[in-house]
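Following: one structure in structure tokens, then a few remarks.
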Amino acid sequence: MNGEEVLLDDQKIPVRRVGSGRLRMVQFKLNGRMFEAIEQNREKPSRWGKLAREKHQVVQFRDVELHKYVAVSVDGEVREYGK
């Protein structure tokens, strides 16, 4: 998510900047559902924010329909919540 677009299943998806912190975000469809991949806010006091402050690339994945975070990626390693 460091560039202007990401490649997912041979599809180029633009990276947008959102919110007051201008965090990077990509919206994509997977298995018929819409998801958002959102860069972790370094200002947050959570463990994910701490990792982001330590220069790790932390991305949260949110199911758009359910309005729930479903996974996190730290330096490319994805971990699903609840599993």
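The set of residues in segment 41-73 being more than 17 Å from V26 (Cβ to Cβ), open to solvent by less than 60 Å² (accessible area, probe 1.4 Å) and outside any loop (DSSP other than H, G, I, E, B) consists of W48, G49, L51.
Among the residues of segment 2-40, those identified as at negative phi, open to solvent by less than 100 Å² (accessible area, probe 1.4 Å) and not in a strand (DSSP E or B) are G3, V15, G21, Q40.
Of all residue pairs spaced 6 or more apart or on separate chains, none has beta-carbon atoms under 9 Å together with a first member in segment 53-78 that is at positive phi and a second member that is polar (S, T, N, Q) and open to solvent by less than 40 Å² (accessible area, probe 1.4 Å).
The values are calculated or read from the model by the stated rules, or taken from the named source; none is laboratory data. Worth saying up front: this structure is predicted, and the values here are computed from it rather than measured. Every residue, glycine as well, gets a Cβ built from its backbone with ideal geometry; the counts of neighbours run over all protein chains shown. Protein only, heavy atoms only, side chains kept; ligands, DNA and RNA dropped before computing areas. Shrake-Rupley method; radii C 1.70, N 1.55, O 1.52, S 1.80 Å.
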